[in-house]
Amino acid sequence: MSVGKTLGIFFLVAIVAIQLIPVDMSNPKSDPSLEVKAPAEVKAILERSCYDCHSNKTHWPWYSHIAPIKWFIARDVKVGRQWLNFSEWEKYDDKRKKKLKEMIFTAVGLAMPLGMYVKAHPYAKLTPKDRDLIRSWTGVNPEEIMNNPKRHLY
Ligand code: HEC
């Protein structure tokens, strides 16, 4: 058999084999009363642009079932939920909520949603109006963040 053919078969087997590696892509059940409460227009933006990674209501597209892409997607969802989970918002105490709102205030400036995600989901991109609506929902005073020496840096 030629080297090319051997390599070809090798890659085919490898691609099939990596599909078998288990990856957690579940949407855990959570009590609806724990869900974040926000005015309908703000909630709609969060659902549209953030929920795929920051809630238990992730929409898993077909390509999210194919390795190796699914490893990266599952990692973003896992880490995203660890940071901030809008489906379990009421589990956070007041101090944590305040901190998270400060982070959200900053994150919507540029960092979030993640760039790769926006490329695949152009509708998720925040308009300046979306950003302002989210920011006013957080109730954060930007001067307070700027003057806080312990502020979260990006
Ligand atoms: C494609 C998945 C994805 C989407 C969509 C997404 N995030 Fe994130 N988010 C992450 C990940 C992953 C992290 C963890 C930090 C990192 O890896 O950059 C994170 C971290 C955060 C953090 C905490 C840490 C930080 O960097 O500020 C906040 C706040 C945040 N996201 C807010 C949002 C908001 C608000 C939206 C919607 C406008 C959003 N994210 C959309 C994946 C996502």
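What follows draws every value from the coordinates through simple rules; no lab data is involved. In this text, all values refer to a predicted model and were calculated from it rather than measured experimentally. Here Cβ is always computed from backbone atoms with ideal geometry, including for glycine, and neighbour counts include all displayed protein chains.
Could you tell me whether residue 64 is in a helix (DSSP H, G or I), within 12 Å of the ligand (Cβ to nearest atom), surrounded by 13 or more Cβ atoms within 10 Å (Cβ to Cβ) and among the small types (Gly, Ala, Ser)? Yes: the conditions hold for residue 64. Does residue 45 fit the bill of being buried (at least 18 other Cβ atoms within 10 Å of the Cβ) and in contact (Cβ under 8 Å) with a residue 60 or more places away in the chain? In short, yes.
Restricting the range 67-89 to residues that are farther than 29 Å from residue 14 by Cβ and part of a loop (DSSP other than H, G, I, E, B), the residue that is farthest from the ligand (Cβ to nearest atom) is 85.
Applying the selection to the range 114-145, what residues are at positive phi and under 15 Å from the mean Cα position of the chain (by Cα)? First the steps, then the outcome.
Within the range 114-145, the first condition is being at positive phi, and the residues that meet it are 139.
Within the range 114-145, none qualify.
Remark: residue 125 matches the filter, which requires a residue to be within 18 Å of residue 46 (Cβ to Cβ) and touching a residue at least 60 places away in the same chain (Cβ under 8 Å). For the range 49-61, the tally of residues that are within 12 Å of the ligand (Cβ to nearest atom) and either surrounded by 16 or more Cβ atoms within 10 Å (Cβ to Cβ) or over 30 Å from residue 16 (Cα atoms) (or both) stands at 8.
Could you grab me the full set of residues in the range 130-152 that are within 13 Å of the ligand (Cβ to nearest atom) and without any contact (Cβ under 8 Å) to a residue 60 or more places away in the chain? 131, 132, 135, 138, 140, 145, 151, 152, listed by residue number.
Can we say residue 92 is in contact (Cβ under 8 Å) with a residue 40 or more places away in the chain and out of contact with any Phe, Trp or Tyr (no Cβ under 9 Å at 6 or more places or on another chain)? Steps first, answer last, please.
On the way: in contact (Cβ under 8 Å) with a residue 40 or more places away in the chain: no; out of contact with any Phe, Trp or Tyr (no Cβ under 9 Å at 6 or more places or on another chain): yes.
Criteria not met by residue 92.
The number of residues in the range 74-110 that are touching a Ser or Thr at 6+ places or on another chain (Cβ under 8 Å) and more than 16 Å from residue 124 (Cα to Cα) comes to 10.
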